[in-house]
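All remarks here apply to the structure that follows.
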Amino acid sequence: MAESFFAALKNELVNRTVYPTRRAAMSDIAKFIETRYNPKRLHSAIGYRPPNEVHDAYESQQQAA
């Protein structure tokens, strides 16, 4: 899963952008993860669901227990 994530990150963001500072790169990558990658990408390793959905289900299960 990590290889798939980093491939998407490089192809969709990092290789297309020149960052003036390390802080700018970190901010842009964090924004990519939270606004684009987690809510929309379907992952085969987690039942073809987006990570946010799996996380929410996990949180609900923990509260119920």
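Each value in this text was obtained by applying a stated rule to the coordinates, not by laboratory testing. From a predicted model like this one, the values you see are computed outputs, not experimental measurements. As a convention, Cβ positions derive from the backbone with ideal geometry for all residues, glycine included, and neighbour counts pool all protein chains shown.
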(request) Calculate the spin-label point distance for Ser4 paired with Glu34, positioning each point 7 Å from the Cα along the beta-carbon direction, and give it in nanometres. (result) 2.4 nm
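Counting only helical runs of four or more DSSP H residues, what would the 222 nm mean residue ellipticity of the chain come to if each run contributes -39,500 (n - 2.57) and the total is spread over all its residues? Spell out each step's value before the answer.
On the way: 3 runs with 36 residues, N = 65.
It lands at -17000 deg cm²/dmol.
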(request) Would you mind checking which residues have amide H under 5 Å from His43's amide H? H placed 1.01 Å from N; only 5 or more apart, or other chain. (result) Tyr48, Arg49
(request) For the chain, state the average projected area of the convex hull of the C-alpha atoms over all orientations, rounded to one decimal in nm². (result) 5.3 nm²
(request) For region 2-64, give the magnitude of the charge dipole about the Cα centre (Cβ charges: +1 Lys/Arg, -1 Asp/Glu; no others), in debye to the nearest 20. (result) 320 debye
